[in-house]
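Take a look at the structure below.
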Amino acid sequence: MTERIEGHGGELALAALRAYGVREMFTLSGGHVFPLYDAAHKGGFPIYDVRHEQSAVFAAEAVAKLQRRPGLAVLTAGPGVTNGISGLTSAYFNASPVLVLGGRAPQFRWGSGSLQEMDHLPLVAPVTKHAETVFSPDDIPRAVTSALTTALTPHRGPVFLDFPLEAVFSVSDAELPALPGIAPVEPDPDEMAKAATLVAAASRPVIIAGSDVYAGDAVDALRAAAEALQVPVFANGMGRGALPPEHPLAFAKARRTALKGADVVVVIGTPLDFRLSFGDFGDAQVVHVVDAPSQRAGHVQPAAAPAGDLRLILTALADHPGDRADHAGWIAELRSAEDAAKARDAEEMAAETDPIRPARVYGELRKVLARDAITIGDGGDFVSYAGKFLEPAQPGTWLDPGPYGCLGTGMGYAMGARVSHPDRQICVLMGDGAAGFSLMDVESLARQKLPVVIVVGNNGIWGLEKHPMRAMYGYDVAADLQPELRYDQVVSALGGAGETVAKAGDLGPALRRAFDAGVPYLVNVLTDPADAYPRSSNLA
């Protein structure tokens, strides 16, 4: 059933946004989008503003990822939109249902050189599911509703609309469409049966669960499938925590042993990209489970590739009626490797060395992080350690830049996480290189009373570049930062607080002070520049 509403373009857009469950706006002020602010202000719709448009889009993406609903960023015309494109691209790679509403120079004098006049669509179209200019205020509710439906339809992703000045400022009487239902993508029964038979009959199967398991609300179905078939589970992205660390089928440290020994690898809800050796697991057969046919890998030929609603596919795996191999010995083998790796990690995380080893930072963090804390990775070298040493206990508590690998997500993700979960610990793990991208937006957090904890691993270098370049060429360039820079003083100057830690024994008390502070608080940890994360290049 539809209804008619009257108002200027901002009010028409807001009515459609509210109907789809959008509850806040992230933005950087710009005159082209004043009517959207006016509608929000008059309607009690929260507005959170930032110091760089990329942070607005990253904040919207954090809301979309954590709450599994649309996130909204509003950007002014021209540079406002172009500054947000990295955020849009990250949302595209992460399948995050983000809507960016852009301002646009007036259409009636297009080509005359209006302020910030440019056609945004050719720039944003490659990194969105849908991009459109809405020329008439009458069409705004339809366009917003359609865009949000597209964003939420698997495979999910960002969408973009821009409004010429005269369209968004004009008053109109327009129709507010009824919300269309989003039907689940029905998987092919034969492909599901083939996958289930392969997994059940395997001697050494492994499941790798990715972000779409959380985004598709398939966590319970994953647990049921793993338990029914007794298959060990590893996770990446927002799939982390789908099985809590204490679950007998949850593994994190024995992945190399698992993938080297597996005869069937089931990858669920994540692409076969550089993070997973591009889908090459030696002699193992690959089952690739995706939420839409468009996500099937084109560079490998899986043994089975069910595509559709992940809950339906995982339920079919759990309900497989055929024979099932005994995996007890395989699970015990992996548990032995897991326990040995955990013992080695415990030694690293307790290291008393000065300079501080990054592992010790995470050893201390594990003592103070609550089970429902949201941890945010924004960096390369330092955040690689986070992926190794932190084990999320609940799904939907881990945010990282994802496969696009864009630095600068930290403060925007922190804002979106704090807005989503006002009562939880929010902890940003940031390299000192990444700090250069978004740390100014601490001012936005402080001004709007959004406390978070920021832990900077400060080794004074670009760790993932300096050491490999030196190994390749015998020298390095463009890989050094100021050593022992006082990022904590930057945060203090912006309205937060912080301290620098140079001794391992001082880490624990500093972190406890940070979580008790009630303001954005940065713990600036001077880490050993020689202790870079050991991994080979994945550039190719």
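The values are calculated or read from the model by the stated rules, or taken from the named source; none is laboratory data. These figures come from a predicted structure and were not determined experimentally. So basically every Cβ, Gly included, is an ideal-geometry build from the backbone, and we count neighbours across all protein chains shown. Just so you know, the surface numbers come from the protein's heavy atoms only, side chains and all, with ligands and any DNA or RNA stripped out. Shrake-Rupley method; radii C 1.70, N 1.55, O 1.52, S 1.80 Å.
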Margin query: Return the residues of the stretch 394-405 that are open to solvent by less than 20 Å² (accessible area, probe 1.4 Å) and either among the hydroxyl-bearing types (Ser, Thr, Tyr) or at negative phi (or both); say none if nothing qualifies.
Written below: Thr397, Trp398, Leu399, Pro401
Next item on the list: Answer yes if at least one residue in the stretch 26-34 is more than 19 Å from Leu12 (Cβ to Cβ) and surrounded by 24 or more Cβ atoms within 10 Å (Cβ to Cβ), and no otherwise.
Entry: yes
Check: Would you call Val289 closer than 12 Å to Ile207 by Cα, touching a residue at least 40 places away in the same chain (Cβ under 8 Å), of a type in the set (Val, Ile, Thr) and touching a helix residue (DSSP H, G or I) at 6+ places or on another chain (Cβ under 7 Å)?
Finding: yes
Next item on the list: Kindly provide the set of residues from the stretch 316-336 that are in contact (Cβ under 8 Å) with a residue 12 or more places away in the chain, within 12 Å of Arg204 (Cβ to Cβ) and outside any loop (DSSP other than H, G, I, E, B), ordered by number.
Entry: Ala328, Trp330, Ile331, Glu333, Leu334
Check: All but one of (1) open to solvent by 20 Å² or more (accessible area, probe 1.4 Å); (2) outside any loop (DSSP other than H, G, I, E, B) hold for Leu179; which doesn't?
Finding: (2)
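Rundown of residues vs (1) in contact with a His (Cβ under 8 Å, 6 or more places away or on another chain); (2) of a type in the set (D, E, K, R); (3) assigned to a helix (DSSP H, G or I); (4) surrounded by 18 or more Cβ atoms within 10 Å (Cβ to Cβ), yes/no style:
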{"residue": "Ile313", "(1), (2), (3), (4)": "no, no, yes, yes"}
{"residue": "Glu338", "(1), (2), (3), (4)": "no, yes, yes, yes"}
{"residue": "Arg360", "(1), (2), (3), (4)": "no, yes, yes, yes"}
{"residue": "Arg371", "(1), (2), (3), (4)": "no, yes, no, no"}
Next item on the list: Return a yes/no flag: does the stretch 261-271 have any residue that is open to solvent by 30 Å² or more (accessible area, probe 1.4 Å) and farther than 16 Å from Asp188 by Cβ.
Entry: yes
Notebook entry, point to check: Hey, among the residues in the stretch 77-88 that are crowded, with 24+ Cβ neighbours inside 10 Å and out of contact with any Pro (no Cβ under 8 Å at 6 or more places or on another chain), which one's nearest to Asp212 (Cα to Cα)?
Noted result: Gly87
Item checked: Residue, farthest from Ala62 (Cα to Cα), within the stretch 1-46, restricted to residues that are outside any loop (DSSP other than H, G, I, E, B) and hydroxyl-bearing (Ser, Thr, Tyr) -> Tyr37
Note to self: Checking Asp354 against (1) open to solvent by 60 Å² or more (accessible area, probe 1.4 Å); (2) at pLDDT 95 or above: exactly one of these is not met. Which one?
What the structure shows: (2)
Notebook entry, point to check: free of Cβ contacts under 8 Å to residues at least 60 places away in the same chain and either open to solvent by less than 50 Å² (accessible area, probe 1.4 Å) or polar (S, T, N, Q) (or both), is that true of Ser114?
Noted result: yes
Note to self: Conditions first: (1) in contact with a strand residue (DSSP E or B) (Cβ under 7 Å, 6 or more places away or on another chain); (2) open to solvent by less than 70 Å² (accessible area, probe 1.4 Å). Asp138 passes all but one, so which condition is the exception?
What the structure shows: (2)
Note to self: Checking the structure you have, find out if any residue of the stretch 411-428 is open to solvent by 20 Å² or more (accessible area, probe 1.4 Å), in contact with a strand residue (DSSP E or B) (Cβ under 6 Å, 6 or more places away or on another chain) and part of a helix (DSSP H, G or I).
What the structure shows: yes
